[in-house]
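Let me begin by presenting the structure, written as structure tokens, before commenting on it.
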Amino acid sequence: MSKNSFLNIFKAILFKIPGLHKSLKNLKKAVGDAALKTRFINFKRDIVEDWKYINWDRKGVDYWKLSSELIFYYHKLEKGLCLPPENRRWFGLQPAEKTLELLNEWDKFNLPKTAPVYQAACGVLSAYCQFTKNISSNDPSAKLIVTKLERYLQQVSFDSRFITPILPDITPDSSFDILQQLSQSRRSTRNFSNKVVDLELISKAVHVAQLSPSACNRQPWKLHIYDKREDIDNMLALQNGNRGFGHKVPLLGVMCCDLGSFFDSTERYEPHLDGGLFLMTFILALQSQGIASCCLNWCVNPDRDIAAHRVGNIASNERILTFLAIGYSEEATLVPLSARRPLTDVLIKH
Ligand SMILES: Cc1cc2nc3c(=O)[nH]c(=O)nc-3n(C[C@H](O)[C@H](O)[C@H](O)COP(=O)(O)O)c2cc1C
């Protein structure tokens, strides 16, 4: 029997199975479906990136992952010291031991003891020892851990700027009005003047944006700034929302988060959340200095994303969240009204 007639008989038998013909047809259609392809290639990339970068496995010295893990553990102690007085009991043996272990790793790799993350860790451990001694727990582990921590802390001098916990600054009464005015005057600008933006003002805005909250204070942010025309043009050629004004963008920001700040895939959305919080503060800090901006979406397939990492010299473990056009508005620039939805669409009171 020829190969073809064998196949025909095989098909005829298969298609006698109820529903199979239709299912195969649907499957064939779905495979050719562009939306399905897009979904598949993007999810596949997410899984690969997640696998490669969202973890705290360290081979040798890795400042970023080590500092992220260190913050993660000492933050547990730091926040525990600030709970309501009725919940103040002895706590934190495991995170204290882990913090100490990570500080030893820090020393093993000769990382600088002047680094804020290291200094802050020591500040927290010192406060934790004081707290444990004050609470006079009967648990023998309490005494033991204090001895271990104090032995380590003896050989460290840490700056008084890292003493914790603290009383928060007072919020001035005028804050709401100022925030409202700032938010109202901030508009996405799509017509920039050629006035040069002093990079010192960008640094000042980043400094304020660093005060944004982030999951366990790990601060996964990386903001890339490009000020050379060629670099800006090359990057904007990869983005699809700057047509008609991209050539006038004097400064380009690319907001990223380092995926190595996160321990496993339950945290896979944190980069977006932490990055978004940083970006909003940054944009307002720019606005408060008279500098306009426009977010530029980064809704692209993996090939484009890989190209932007290459063109922008961005490490592959950094997730690009969005581009940001930055500059001074041209005089009398118009902006869309961009009317907002009613409050009832947004605020759901339970
Ligand atoms: C994540 C994000 C992506 C955006 N992408 C673009 C873009 O590609 N091109 C553009 O012209 N505007 C873009 N925008 C600006 C929005 O269109 C704008 O924020 C919105 O219409 C509200 O207007 P307003 O910013 O002036 O208040 C983006 C905004 C955000 C937050």
ask   = Which whole-number value in Å² is the accessible area per residue of region 3-53, probe 1.4 Å?
value = 92
key: In sequence order, calculated HN-Hα J values of region 143-148 (Karplus, 6.51, -1.76, 1.60; Hz; x Gly/Pro)   = 5, 5, 5, 4, 4, 4
task = Counting helices only, and only those DSSP H runs with n ≥ 4, report the 222 nm mean residue ellipticity of the chain as the sum of -39,500 (n - 2.57) divided by its residues, in deg cm²/dmol to the nearest 500.
result = -16000 deg cm²/dmol
remark   = One finds the C-alpha centres of region 230-244 and region 115-148 to be spaced, in Å, by 52
request  = With viscosity set to 1.002 mPa s and temperature to 20 °C, compute the Stokes-Einstein D of region 63-162, Rh being the Kirkwood radius across alpha carbon pairs; µm²/s, no decimals.
outcome  = 156
message = Please list log₁₀ I(q)/I(0) at q = 0.18, 0.20, 0.24 Å⁻¹ for region 3-53, using the Debye equation with identical point scatterers on the alpha-carbon positions.
response = -0.71, -0.76, -0.87
inquiry  = Apply the Karplus curve 6.51 cos²θ - 1.76 cosθ + 1.60, θ = phi - 60°, to the phi angles in region 189-194 and return the couplings in whole Hz, x for Gly and Pro.
reply    = 9, 10, 8, 9, 7, 8
inquiry  = Tell me the carbon and sulfur percent of the accessible area for region 245-350, rounded to whole percent, probe radius 1.4 Å.
reply    = 57
message = For LYS16, give me every one of the lysines with a C-alpha distance below 24 angstrom, ignoring sequence neighbours fewer than eight places off in its own chain.
response = LYS3, LYS25, LYS28, LYS29
query = Using the Cα gyration tensor of region 1-150, with a ≥ b ≥ c the square roots of its eigenvalues, what is the shape: rounded (a/c below 1.5), prolate (a/b larger than b/c) or oblate (neither)?
reply = prolate
ask   = Which of the lysines could be linked to LYS228 by a straight reach, that is with a Cα gap under 29 Å, when you skip same-chain ones fewer than 8 residues away?
value = LYS195, LYS204, LYS248
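Relative to 2.2 N^0.38 Å, what does the C-alpha radius of gyration of region 208-264 come to as a ratio? Two decimals please.
After normalising by residue count via 2.2 N^0.38 Å, the value is 1.43.
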remark   = Applied in sequence order to region 283-291, the curve 6.51 cos²θ - 1.76 cosθ + 1.60 (Karplus, θ = phi - 60°) yields integer Hz couplings, x standing for Gly and Pro, of 4, 5, 5, 5, 4, 5, 9, x, 9
query = In region 187-327, what % of DSSP beta bridges are antiparallel (nearest 5)?
reply = 95
ask   = Of ILE314, ILE326, ILE47, which has the largest mean-square fluctuation in a 10 Å C-alpha GNM of the chain?
value = ILE47
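Greater than 29 Å separation of Cα atoms is the criterion. Which listed pairs, LYS65/LYS349; LYS113/LYS133; LYS22/LYS44; LYS52/LYS143; LYS113/LYS148, meet it?
LYS65/LYS349; LYS52/LYS143
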query = Given q = 0.08, 0.15 Å⁻¹, what are the Debye log10 I(q)/I(0) values for the chain, with equal point scatterers placed on the Cα positions and solvent ignored?
reply = -0.58, -1.33
key: Within the accessible area of region 144-183 (1.4 Å probe), percent carbon and sulfur   = 58
ask   = Around THR322, which amide H atoms from residues at least 5 apart in sequence, or from another chain, sit under 5 Å from its own amide H, with H modelled in the peptide plane?
value = MET255
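The values are calculated or read from the model by the stated rules, or taken from the named source; none is laboratory data. As the structure is a prediction and not an experimental result, all values here were calculated from the model. What goes into the accessible areas is simple: the full protein's heavy atoms, side chains included, and nothing from ligands, DNA or RNA. Shrake-Rupley method; radii C 1.70, N 1.55, O 1.52, S 1.80 Å.
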